[in-house]
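Single-structure report; data block below.
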Amino acid sequence: MNIQTVARDHKERPPWVITTTVMYEGGVLRPTRTLDLPEHGTFRAFILPALPKAGAETLGDILGIDLSDEAQLQALAESQHQAVMEIAGLGQSGLTDVSEHHDRYLYASR
């Protein structure tokens, strides 16, 4: 099924998302496989880091740290602790009925 068929079947609004791996070479993103897209079409892309390298078999490989290195583990734990503490307590308003009357709090006149 090509893109035009999918779009026509869904009221002319393409519902699809294509996920593929790309390589960045010479200022150009090049897909690693052929994509069924209209020539000279314009698309929006979201660039995410690649999945862990092939052969990454341990947590240390995936995290990129030596799990036997106490200093690296401590640094990782501290960075995670800081990230959690940035959001901890955001809900400490003293209000006890927010879940029941959330619209009142969200949309109240200010």
Extension gain (nm, one decimal) between Tyr105 and Arg44, 0.36 nm per residue minus Cα-Cα
18.4 nm
Kindly write out, for the range 25-32 in residue order, the coupling ³J(HN,Hα) from the Karplus curve 6.51 cos²θ - 1.76 cosθ + 1.60 (θ = phi - 60°), rounded to whole Hz, with x marking Gly and Pro.
9, x, x, 10, 7, 10, x, 8
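What is the gain in length, in nm to one decimal, between Leu37 and Gln72 on full extension, counting 0.36 nm per residue of separation less the C-alpha to C-alpha distance?
8.1 nm
To the nearest 0.05, what FRET efficiency results for Leu59 and Ala83 with a Förster distance of 25 Å applied to their C-beta separation?
Values: r = 18 Å, r/R0 = 0.72.
The value I calculate is 0.85.
Read-outs throughout are calculated quantities, based only on the coordinates presented, and are distinct from any laboratory measurement. Note that the coordinates shown come from a computational prediction; the quantities given were computed from them, not determined experimentally. Using ideal geometry, Cβ is built from the backbone for each residue, glycine included, and neighbour counts are taken over all protein chains shown.
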